[in-house]
Amino acid sequence: MKKDETPITRRKFIEELHRYRKGSVTRRHFLGVTGLGTAMAVLGGALPMLRPGPALAGDIGDRVILATWPNYHDVANFDLFRDQTGAAVQVNVFGSNEEMLAKLQAGGSGWDLFVPTNYTITTYVEADLIEPLDLSKLPNYDAAAFEARFAEAGTVGGKLYAVPKNWGTTGMAWDSGKAKAPFTSWKEFFDVTRTDFSGRTIVHDYQLTTIGSALKYFGYSFNSVDPAEAEKLLIEVKPHLFAITSDYQPPMRNGDAWLTMCWTGEGKQLNRDLPEIRFALGKEGGEIWSDYYAIPKNAPHRDAAYALLNFLIDPQVNAREALAHGFPVADARVNAQLPAELLNDPILHPAAELLNALEFGAAATLTDPNRAELMARFKSA
């Protein structure tokens with residue numbers, strides 16, 4: 001330490017050590033503030049408390065591959081993870097659970113950690129594509145902290161296969177400057193697509209939400225596996241669409257699209273940056289969902305997968321994630337750190353009467369051939 005530097009107090013040292021081990025600051029910051037510098041290499045052997053937490057200790061390799069959804073993370077957290085562990089996070093983005101399932105079934109995905117939705121997990125278990133999680137490697141996991149309805153799908157046959165990430169709804173986002181009135185229903189969504197918004201509407205490249213929302217137009221269950229009415233509507237709508245894609249933010253932001261199917265957090269992201277873009281749920285109902293973290297059975301960097309998962313479910317890290325992506329979190333430890341305006345936001349936390357009309361996706365919809373064939377015919381029409 002230089003002569004003009006003030007020695008760090010014991011209290012300050014403990015505070016900085018706690019911040020470092022919780023993932024709030026980088027290793028470089030910790031060494032600089034405490035004045036340990038290169039002495040860390042020596043002291044680490046004599047003082048185990050200076051090492052990273054259990055899930056970050058040891059050599060986990062130089063990379064970890066995460067398969068996830070668009071606009072779903074705070075990239076600064078990935079930088080922090082790399083600083084702490086030396087493992088860079090490589091992100092693969094996908095647009096549907098069907099795409100993800102097909103990738104894993106084909107083998108050789110290369111994924112270490114991925115983000116499936118609630119209704120898919122039993123299929124992964126039955127197909128022997130994931131295995132129960134080793135909770136000894138996840139000290140940040142606390143089952144009691146999670147709201148049951150957004151966590152229960154992760155347990156199959158009494159074994160924990162996946163831990164909750166976020167939950168949300170599927171609604172619609174629109175440019176209020178182009179609309180004659182606010183949208184309140186899926187009937188309005190599909191009707192205006194064929195009239196005033198022709199050529200300006202986006203639907204998901206994802207059969208669950210696209211077919212499910214078309215079914216709600218007729219008042220059927222979001223999960224129906226007899227989607228004949230939905231097919232007629234979708235084929236009629238197809239020539240009027242701007243695009244079929246789950247990466248809809250760019251055209252909504254640049255004004256090429258005026259209306260899109262939209263997930264909760266992305267609706268909040270758009271509204272936050274462009275207040276004229278509004279978000280609503282269909283009054284007829286639709287989807288409520290919960291996403292999870294799971295580790296594929298053939299993960300090539302398993303230790304890194306556990307380290308990244310444990311890091312991401314740390315409440316402080318997860319709070320930063322929520323502030324960045326805007327999706328609701330089912331972990332009470334995280335919500336205790338979030339601002340009230342976020343927890344009370346009507347986009348993220350809709351009124352009870354709207355939520356009560358929504359359905360969780362059903363496992364049958366993932367592999368049902370009728371739905372898969374309908375989506376293929378719709379896209380090729």
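Candidates are the residues of region 118-140 that are touching a Gly at 6+ places or on another chain (Cβ under 8 Å) and surrounded by fewer than 20 Cβ atoms within 10 Å (Cβ to Cβ); the one that is nearest to residue 298 (Cα to Cα) is 125. In the condition set (1) out of contact with any helix residue (DSSP H, G or I) (no Cβ under 6 Å at 6 or more places or on another chain); (2) open to solvent by 20 Å² or more (accessible area, probe 1.4 Å); (3) under 21 Å from residue 169 (Cα atoms); (4) not β-branched (Val, Ile, Thr), residue 259 is compliant with all but (2). Considering only residues in region 183-239 that are small (Gly, Ala, Ser) and free of Cβ contacts under 8 Å to residues at least 40 places away in the same chain, the one that is most open to solvent (accessible area, probe 1.4 Å) turns out to be 228. Number of residues in region 167-182 that are in contact with a Cys (Cβ under 9 Å, 6 or more places away or on another chain) and outside any strand (DSSP E or B) equals 0. Screening 85, 122 for residues that are over 18 Å from the mean Cα position of the chain (by Cα), farther than 18 Å from residue 310 by Cβ, polar (S, T, N, Q) and not assigned by the TED database to the domain that holds residue 365 leaves exactly one candidate, 122.
Residue-by-condition table, conditions (1) open to solvent by 60 Å² or more (accessible area, probe 1.4 Å); (2) more than 16 Å from residue 115 (Cβ to Cβ); (3) in a helix (DSSP H, G or I):
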site	(1), (2), (3)
293	no, no, no
299	no, no, no
308	no, no, yes
333	yes, yes, yes
342	no, yes, yes
379	yes, yes, yes
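Residues that are more than 20 Å from residue 287 (Cα to Cα) and under 26 Å from the mean Cα position of the chain (by Cα) within region 168-183 comprise just one, 175.
Looking only at residues of region 81-98 that are of a type in the set (D, E, K, R) and in contact with a Ser or Thr (Cβ under 9 Å, 6 or more places away or on another chain), we find that the one that is surrounded by the fewest Cβ atoms within 10 Å (Cβ to Cβ) is 83. Residues in region 260-269 that are part of a helix (DSSP H, G or I) and under 14 Å from residue 183 (Cβ atoms): 267 only.
Looking for something part of a helix (DSSP H, G or I) and open to solvent by less than 20 Å² (accessible area, probe 1.4 Å) - is there at least one such residue anywhere in region 156-166? Quick ask: steps written out before the conclusion?
As a first pass, look at region 156-166 and keep what is part of a helix (DSSP H, G or I): none.
No, region 156-166 contains no residue that is part of a helix (DSSP H, G or I) and open to solvent by less than 20 Å² (accessible area, probe 1.4 Å).
Of the residues making up region 313-325, not a single one is open to solvent by less than 20 Å² (accessible area, probe 1.4 Å), outside any loop (DSSP other than H, G, I, E, B), of a type in the set (D, E, K, R) and in contact with a Pro (Cβ under 7 Å, 6 or more places away or on another chain).
Within region 159-193, being within 24 Å of residue 361 (Cβ to Cβ) and of a type in the set (A, V, I, L, M, F, W, C) holds for 160, 162, 163, 167, 172, 173, 174, 183, 186, 189, 190.
Against the conditions (1) aromatic (Phe, Trp, Tyr); (2) more than 30 Å from residue 261 (Cβ to Cβ); (3) free of Cβ contacts under 8 Å to residues at least 60 places away in the same chain, residue 78 satisfies every one except (2). The single condition from (1) touching an Asp or Glu at 6+ places or on another chain (Cβ under 6 Å); (2) of a type in the set (S, T, N, Q); (3) under 27 Å from residue 343 (Cβ atoms) that residue 271 fails is (1). Only one of the listed residues (338, 354, 358) is assigned by the TED database to the domain that holds residue 141, farther than 14 Å from residue 207 by Cβ and of a type in the set (A, V, I, L, M). That residue is 338. Just one of the listed residues (43, 66, 50, 56) is of a type outside the set (Lys, Arg), touching a helix residue (DSSP H, G or I) at 6+ places or on another chain (Cβ under 9 Å) and modelled with pLDDT of 55 or more, namely 66.
The values are calculated or read from the model by the stated rules, or taken from the named source; none is laboratory data. Computed from a predicted model, the values in this text were never measured in an experiment. Neighbour counts run over all protein chains shown; Cβ positions are idealised from the backbone, glycine included. Ligands, DNA and RNA are excluded from the accessible area calculation, which covers all protein heavy atoms including side chains. Shrake-Rupley method; radii C 1.70, N 1.55, O 1.52, S 1.80 Å.
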